[in-house]
Structures are given as structure tokens and as C-alpha cells.
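Engineer: Provided herewith is a single structure, encoded as C-alpha cells, for subsequent inquiry.
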Amino acid sequence: MTQPSPEILAASSTGIARAAKLLTAGALVAFPTETVYGLGADARNGSAVANIFAAKNRPSFNPLIAHVADTQTARRYVEWTDTAERLASAFWPGPLTLVLPLKPGHGISDLVTTGLPTLALRVPAHPAAHALLQRFAGPVAAPSANPSGRISPTTAAHVIAGLDGRIAAVLDDGPCTVGLESTILGLDGPPTLLRPGGLPAEAIEAALGTPLAQRAANAALSAPGQLESHYAPGAPVRLNATTARSGEVLLGFGPMDCDLNLSEAGDLHDAAANLFGHLHRLDATGQPIAVAPIPDHGLGRAINDRLRRAAAPRG
Ligand code: TXA
Ligand code: MG
């Protein structure tokens, strides 16, 4: 399914209108969100969604997140709960995905949920994403816009480098500000953290007034996308390094001698925003990558989650 190089669309009203028209026609359109660039398709159109899996070479058992413009639209597709309402009013639009039981007559393609009885939903905060979702006026299934298993894209250039020839268009609105995928919370039982992400778990716990259940590390994957090896650069990655060994490039954090620094000031927001871009740049050197220790709280938990997967043995 090789296509010409993608149309690069500006986040203007003309660009948004063109992107919405392509989605309506069943084409694949990459678009910016505050977390990472997503690869969007009409979530009700089975063949469009099938093309997402093909373009990314994504395993067919790994379900997708449906993106909508607002909470009211989200409620059309799932059995809404008081907890969902509380979290949506606190954190939507924003980097939080809620997994809830599907409603009868939802109209979402089975390929989006991979046949699960639940749907992952998110209302992104990015103005261009919001404008696109409003204009399209439907649910947009969108995984991160990278080949499956590789580093997530935080610029339109990353998207094109990974998916050129496989997608119709990219809506380009500069780098993503959060830089880590959304936090995924299962609400089909007691609130359960399925993936740490751009909204720190501590903020969710504070809003709910209770600790979150964690998906047990070795439990059968209820978020099948939580594959061990992911976000992987071409070369090996070594964690908790304080100095580079011979041949390695060093990704630093805090004041230190290194090739690229996630945040010299030791700021976790800056580190999150820089993480994938720096990994893309170090990956381009072709050298093994050593990474400095990152504190394991707040956004640091999600950064460490991504780094562990980047360093995991390749399947
Ligand atoms: O920030 C984000 O979440 C980005 C932007 C584009 O919105 N999207 C993203 O999508 O990270 P993706 O496909 O790379 O990750 C989605 C994760 C996968 O790990 C998948 O297994 C999980 O969501 N997921 C989707 N539907 C699910 C469901 N019904 N139950 C449990 N996990 C689900
Ligand atoms: Mg992804």
C-alpha cells in the first residue's frame, strides 16, 4: 500500500478542513496532540482502521484509543460512571485516557477495541487536535504515529521519517509539549493504572482521594500494547549510567557531562518533553545509548517506564 509522500498540512482552517475531509474519505492522517503525534483514522470505518495496523505494522491484538472533541461525545460510546465524570471534569481535555465498558450500539469498529468489551477514550488538549476532532465530528482512532515498537514521534518530521509512503497527510503544528503518551486508567473495575504517562498518577490519586490499583507486572496483559520491548532505538540502550562506556553516547539528566541532556536543571516536565526527540537524535548516531538515572516520581515514573521498554531485550 505504498502511497506518495504525505501532504503536509498547516494547522490553519484550510489545513484542518483538508485533514477532516481525508479522515471522512477513510484516509490516514497524522496529527499533533499535546502528548505525541497520533496516526488517525475514522474509528467507525473498519477498513480505515485496518490501514492503521498495516501502516504501523502493529500487532492486531493491540487495541487503539478513540479520540473525541469533548466529554459529551465520549459519553455516546461508553457506560459512563461517577468516577469517569470526576476525572473528566478534572483532567479533560488533557493527557489522560479512560477505559470504560462499551455501550450497545456504539458503532466503533471491532478492530479499534480488538474485540474487547471496553473502549479507551481520550479528549486531547492540543488546539489543532481539538479543531480537527470538532470539524470531523466523529471518533478518531489514533495510536502514536510511529512504526510499531519504535520511538514515538513528537514532531511532524519524526512522523514522516517513520511512515513516509504509508499515510495520506500530516498536520504539522510543531513539537508536542508534554512529550509522553497519555496516562491510561482502567475504569471497568476499581481505578487501575494501565500505563503511566503524561498525567502523573499522583494527580489522579489526589483527585480521587484513593490510591490507584496497579496492573501487576506479570499479569495477563489487559492493555496488550504494554509489550516489553517498545520505544526501541536501533542500537542497545543501557540504563542508570553515570558515565558513557567506550563507543556509547550518553543521555543525561541534571548537571553532568553528556552528549544530550534531558534537563540540565533536573526538571521532569522538560525531560518528558525532550525524551523522544533526544532518543531520535541519539538513535541517528547508530551508537549504543547509555541513559542517566531519572527520579522515579511524578512524570519520572512514565519516563522510566518508556526507558525500561527501550532497553528491554528485543523480541
Ligand atoms: O497520548 C496518547 O495516548 C497517544 C496519542 C496519539 O493520543 N496515543 C497512544 O496510542 O499512545 P498507542 O496506541 O500508542 O497506545 C495505546 C494504548 C495501548 O497500549 C493499548 O493496548 C491501550 O492503549 N488500550 C487501548 N484500548 C484499550 C482497552 N480497551 N483496554 C486496555 N488498554 C487499551
Ligand atoms: Mg505507541
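The values are calculated or read from the model by the stated rules, or taken from the named source; none is laboratory data. Nothing here was measured: the structure is a model prediction, and the numbers come from that model. Using ideal geometry, Cβ is built from the backbone for each residue, glycine included, and neighbour counts are taken over all protein chains shown. Side chains are part of the model used for accessible areas, which takes the heavy atoms of the whole protein and leaves out ligands, DNA and RNA. Shrake-Rupley method; radii C 1.70, N 1.55, O 1.52, S 1.80 Å.
Engineer: Have a look at the DSSP beta bridges in the chain and tell me what percent are antiparallel, nearest 5.
Structural biologist: Bridges in the chain that DSSP calls antiparallel: roughly 45 percent.
Engineer: Something else: Starting from the alpha-carbon convex hull of the stretch 7-214, give the projected area averaged over all orientations, in nm².
Structural biologist: Mean projected area of the Cα convex hull: 10.1 nm².
Engineer: Of Ser246, Pro59, Cys176, whose Cα points farthest to the positive end of the dipole of the chain (charges on the beta-carbon: +1 Lys, Arg; -1 Asp, Glu; origin at the Cα centre)?
Structural biologist: Working it through, the farthest residue towards the positive pole turns out to be Pro59.
Engineer: Further question on the same structure: When Lys and Arg each count +1 and Asp and Glu each count -1, what net charge do the other residues less than 11 Å away from Leu282, Cβ to Cβ, add up to?
Structural biologist: -2
Engineer: Using θ = phi - 60° and the Karplus relation 6.51 cos²θ - 1.76 cosθ + 1.60, list the HN-Hα couplings for the stretch 148-161 in order, rounded to whole Hz, with x at every Gly or Pro.
Structural biologist: Values per residue, Gly and Pro as x: 3, x, 9, 5, 5, x, 10, 9, 5, 4, 4, 4, 5, 4 Hz.
Engineer: Taking a probe of 1.4 Å, how large is the accessible area per residue of the chain, in Å²?
Structural biologist: Each residue of the chain exposes 41 Å² on average to a 1.4 Å probe.
Engineer: Accessible area of the chain with a 1.4 Å probe: how many percent of it is carbon plus sulfur?
Structural biologist: 53
Engineer: Distance from the Cα centre of the stretch 252-269 to that of the stretch 1-44, in angstrom?
Structural biologist: When both Cα centres are located, 34 Å separates them.
Engineer: Would you tally the net charge around Ala41, using a Cβ to Cβ cut-off of less than 13 Å, leaving Ala41 out, and scoring K and R as +1, D and E as -1?
Structural biologist: Value of the local net charge: +3.
Engineer: Build a GNM of the chain with springs between Cα atoms under 10 Å: which of His230, His67, His297 gets the top mean-square fluctuation?
Structural biologist: Taking springs between Cα atoms under 10 Å, the residue moving most is His297.
Engineer: Kindly provide the helix-only [θ] at 222 nm of the chain, computed as the sum of -39,500 (n - 2.57) over DSSP H runs of four or more divided by all residues, to the nearest 500 deg cm²/dmol?
Structural biologist: Counting only the DSSP helices, I get -9000 deg cm²/dmol.
Engineer: Also, quick follow-up: Of the residues Leu87, Leu193, Leu185, which exhibits the maximal mean-square fluctuation in a Gaussian network model of the chain defined by a 10 Å Cα contact cut-off?
Structural biologist: So, out of Leu87, Leu193, Leu185, the one fluctuating most is Leu87.
Engineer: Once the Cα atoms of the stretch 237-311 are picked out, what are the Rg and Dmax in Å?
Structural biologist: So, for the stretch 237-311, Rg and Dmax equal 11.0, 32 Å respectively.
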